[in-house]
Each structure stands twice: as C-alpha cells, then as structure tokens.
Amino acid sequence: MSLGFGIVGCGMISNFHAKAIADIRGAKLLSCFDMVAPKGEAFAKDHGIDFYDDLNAMLSDDRLDIVTICTPSGAHMEPAVAAANAGKHVVVEKPLEITLKRCDKIIEACEKNNVVCSAIFPSRFHESSKLMKQAIDKNRFGKVTMGDAYVKWFRTQEYYDSGAWRGTWKLDGGGALMNQAIHSVDLLAWLMGPVKSISARTSTLAHERIEVEDVAVASLEFESGALGVIEATTAAYPGYLKRIEIHGSEGTAVLEEEDIKVWDFAKSTKKDDELRKKMAGKTATGGGAADPTAIGHHGHAQQFKDVVKAIKSGGKPAIDGYEGRRSVEIILAIYKSAEIGRAVELPLKSDPVLKAKQKK
C-alpha cells in the first residue's frame, strides 16, 4: 500500500520532513500548503510537488493519506484538526501545540475521525536512546535516583529577528524550553517516568526583543521518588550537544546527542565494552546546538516509518498525541513555577494563566 504525504508549512523544518519521506519505501510526497505563496511555491518546485494556497483544496485530494504539520508552534492546531476532519492521518512537528487545550483539540479530532496522531520527537528513535530505555526497563540501574537533562545551546539575536513569530508567547509558546529543549524534556520523561512536582526559575539574559526565556533551570521530583534537573538555554556560546544523565544505585549512563559517553554498571556484561565502542562516535551533526539546520533527518525517517507501520497495522504509533502532550505539560509547569516562585504539582488541572503572556 503506497501512502501519499502532504506538508503544511514550508519553513526550515519542512525540508527535513521531505527528506525523511523520501527515505520511506512506499511513501510519496505529493503536495504542500503555505499561507505565504512564494515560500510554498519555491518549496514545491524544489521537491517536484504540487503547491496549494488553499488548505481545504489540498486536503480534498483522495491520494493524500498523511499530513505533516510544520507551521509555527502556536499554529499547529488549526491545520491538524482540519486534516483530521478530512480523514487524513496527522503528524505534528514538536511541540504538539503550546497549550494543553490546543493539544487536546488535536488529539480529540484525531480520535473522533479514527486517524493516527503522532508528535515528532526523533531523538527517541536513535539507537543510543533506545539502549538507555532498555537498560532502565531491565533494571540495570538498580534504584534509579537521578535523571537530568542539559541543553546548553546558542542562538544569535539574528535567529530571533529572522521570523516575527520567534520568541513570542503567541506562536513560539516559550523560549529555550518550548522550542529547543523540548526534545530532551521528552527523552527525560520517557526514560524516567511521570513527573510529580517541579520547582523552577527562568530568565531572559542575553537576547533582546523576545518575550520568552533564554535561560531556565528546573528541579524535578518524579513519581518514582527520583530527583532530577532540567537546564536549558540559548545563551551558552558556542553551543553544546544536549546531554541526558541517568544515575542509580547500580549504574550510570550518560547520553550526549547520539553518543553514549558513560555506560557503567555494577553488574557488567560482555556486551558492555562493545557497546561503549560502538556508541562513542554516533553523532554526525552539530545536533542543532548552534545552528538549527545542523541536524540529520534520520530520526524523522524512523518516526515516519513507525507512523506508516501503525497506519497499515491499525495500531498505535510509538509517540502518539498523548505522548506529545506530556512534554508540553512539563514545560508549562516549569513556566508556572518560575512565575509564582514555588513548586507546582503535576498533572496540571488546566493551562496555567501566565502573567507574562497576559502582558503581551
């Protein structure tokens, strides 16, 4: 069964979606839509596909099975819901949306129309990430005591000035956390399990003309009892690969982008030495640490393959809408804690009403 793809939003990340789709046997990119016609027309020409300046017209194509959403973060809901209502499966670039209410509307539309919903988190599909998860599931860490995520990236002022939506609450939904570190927030929650409470501080220290944070630090308590830290910034020159650390009573593992830097367990196996050598030089790009375009599309390709498999089997993708919602909830809790100056319990009962947003 061949599946037809369409892309909504023709910005930078859409090129990685197009490359990933091209790597999937039995998948074909057919069309794209963008509200800015010259941008959409250029993208269509580059990829040899049809351009639409009317989303409903694109969605009426019977050949179209899957729609990927690549619009600014706070503009994911409308095209995603429209696609679901047209009976198309929906893949949404991270974050799923910027509020829980908007996330829920996407999930509800997909469930109502019996279509697959998946939120893009390609880091979960890296071999090193899966090895970390397997080690946790096999209890190799013993009692897991700490789980930390560090995203010390760099973005120039020109990066924020390059698009009117960047650095705004309305369309970016946040700063270093919601736009950049959300990949690591997702990985940490996937590895460590549900978060119970968060205490955080955020600030804007190195950039001008943005509404959102460029520095954030959060202390987490997981439901398991383990503690952890999330540090995120776009103001750490020159930018460093994201890092995940898992510690326990019987083991420690450290993941730096796709490289496993530390793999130490009290009960070592013969395969551990081989794994350390194999996973020591996996990162082939800058990981987006300093340049948002310096990423690979292989993680996207693996996730799209997982979505295609779910569609063909009638099953559920590895990262569905609820999985995509989780990292948004954690980040919103961080913002709320930073604003009120005390710990915030999860799950959130509703979207936090942030004073920072109200001022804009």
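The residues in the stretch 114-132 that are in contact with a strand residue (DSSP E or B) (Cβ under 9 Å, 6 or more places away or on another chain) and assigned to a loop (DSSP other than H, G, I, E, B) can be counted, and the count is 4. The residue that is farthest from P95 (Cα to Cα), among those in the stretch 145-179 that are in contact (Cβ under 8 Å) with a residue 60 or more places away in the chain, in contact with a Phe, Trp or Tyr (Cβ under 8 Å, 6 or more places away or on another chain) and buried (at least 24 other Cβ atoms within 10 Å of the Cβ), is G147. Does F265 qualify as being of a type outside the set (S, T, Y), buried (at least 18 other Cβ atoms within 10 Å of the Cβ) and either over 24 Å from the mean Cα position of the chain (by Cα) or modelled with pLDDT of 85 or more (or both)? No; evaluated as a whole, the condition is false for this residue.
Within the stretch 331-345, the residues that satisfy the criterion of being of a type outside the set (V, I, T), in contact (Cβ under 8 Å) with a residue 24 or more places away in the chain and either closer than 12 Å to I230 by Cβ or part of a helix (DSSP H, G or I) (or both) are L332, A333, Y335, S337, A338. So G287 passes all but one of these: (1) part of a helix (DSSP H, G or I); (2) modelled with pLDDT under 95; (3) closer than 30 Å to Y237 by Cβ. Which condition number does it fail? Looking at each condition in turn, G287 falls short on (1).
Would you point out the residue of the stretch 206-256, among those that are in contact with a His (Cβ under 8 Å, 6 or more places away or on another chain) and not small (G, A, S), that is nearest to R276 (Cα to Cα)? Among them, the one singled out is K242. Among residues of the stretch 125-134 being surrounded by 20 or more Cβ atoms within 10 Å (Cβ to Cβ) and of a type outside the set (S, T, Y), the one that is farthest from A206 (Cα to Cα) is M132. A Cβ distance below 7 Å, combined with a sequence gap of six or more or placement on separate chains, defines the contacts here; from the stretch 49-61, residues that are in the same structural domain as P79 (by TED's automatic domain parsing) reach residues that are part of a loop (DSSP other than H, G, I, E, B) and surrounded by 15 or more Cβ atoms within 10 Å (Cβ to Cβ) in the pairs L59/A86; L59/K88.
The values are calculated or read from the model by the stated rules, or taken from the named source; none is laboratory data. In this text the structure is predicted, and so the values were computed from the model without any measurement. Note that each Cβ is placed from the backbone with ideal geometry, even for glycine, and that neighbours are counted across all protein chains shown.
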